[in-house]
Every structure is written in structure tokens, then in C-alpha cells.
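One structure is given here, and the rest of the page talks about it.
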Amino acid sequence: MQSAIERELRPELNVGEKLLWSGQPRGGLRLRPADAMLIPFSLMWGGFAIFWELSVFRTNAPFFFRLWGIPFVLVGVYLIVGRFFADARQRARSYYGVTNERVLIVSGLFQRQVKSLALRSLPEVTLNERGDRSGSITFGSAPPMAGWLAGSSWPGAGKQLPPSFEMIENARQVYGHIQTAQRALQPVGT
């Protein structure tokens, strides 16, 4: 019997391709290292925007000023709370797979996006493991300061980051599956 994760990945498999591992990121609301800076920033942004908007309404300022603050308040509310829900929803719609040929990442909030990375030509593979054996596996290197974007759920932020299996259970075991599958593709004697 196929799991929901396997049902999402099966349409992406080539003829003869075998799924060796499949999984999903941890669900629910999660904090990330970048939140150490994003939370104070979001509170300052949102607090100032709400203060501005309340001040404008209390002083009976011109209509233009009342409208001017609304987008800033909306961005502030998104930064303070909305991004956590967007991130949780994005992770709930993300599916990871390792096959005998490649690594698959199927995701997307509004449309299905499929990333396929051939095992033969994978860039550097980095394992980040936590004490509870969960962690992330990143395929490639991130540009400087890209860590600020991880988990921000800001539109387009994911395009700046290398593909990864994030917040997965038994990360080292999955890392081992990837290495084993890569070795199986190596010609004998190399």
C-alpha cells in the first residue's frame, strides 16, 4: 500500500526508476535559527506600522495617510504571525524522494514545483543534524547571508537557497541512502 508521500512522488519517476526513500519535513509551526533576528525585526516593523496607523486615525489625518499605512500594517502582521503559517503550509505540501537515479523535491503552495537532481552530478551534499537525529540535507552551497531567507516564507526567498531536504527525521540515515545510491552509480574500479 502506497503512502500519501509515495503517491505524490510516483508520477515523477522514470520507467525503471526505483524509490529508495521518501519523506516530508516536520509539520506544524517551527522556529528556525533565522527567527532570532526576524522575530525582533518583525515586532519593530509591525509595532511601528500599527502605531503609525492608530496615530493617523486618532489625529483625523488626511485620507491618503490613512491608506498609506495599511500595506505596512499588513506586511507587519505577515512578518509577526503569517509567515509561520505560510511556512507550515509549505512544508505540509513538500515531498522528498531519493531514487536509484536522482533526488526529488516536490513542493509548491499555489502550483506544483518539481526539482530533480541527478545523483551522478550532485553538487556538494551537506548534512546538518540535530541531537534528536532530525536535520536537513542541502544540495549545493548557499550564497552569503542566504540563511536569513531560510524559513522566512517570503515570496521568492526559496529561489535564493540551494535545494534541500529540510527538517526531516533520521537525517543521517537519509544521507546514507544518498551516498549509497551515488556509489551504486559509480563505474566499477573508480
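Can you tell me which residue in the range 30-46 is farthest from Asp87 (Cα to Cα), limited to those that are among the aliphatic types (A, V, I, L, M) and in contact (Cβ under 8 Å) with a residue 60 or more places away in the chain?
Per the stated criteria, the residue is Met37.
If the Cβ limit is 8 Å and pairs must be 6+ apart or interchain, which residue in the range 7-18 that is not assigned by TED's automatic domain parsing to the domain that holds Ser116 pairs with which residue that is among the polar types (S, T, N, Q) and at pLDDT 90 or above?
Here the result reads none, with nothing in the range 7-18 linked to a residue that is among the polar types (S, T, N, Q) and at pLDDT 90 or above.
The values are calculated or read from the model by the stated rules, or taken from the named source; none is laboratory data. Just so it is clear, the model here is predicted, and its values are computed rather than measured. Backbone-built Cβ (ideal geometry, glycine too); neighbour counts: all protein chains shown.
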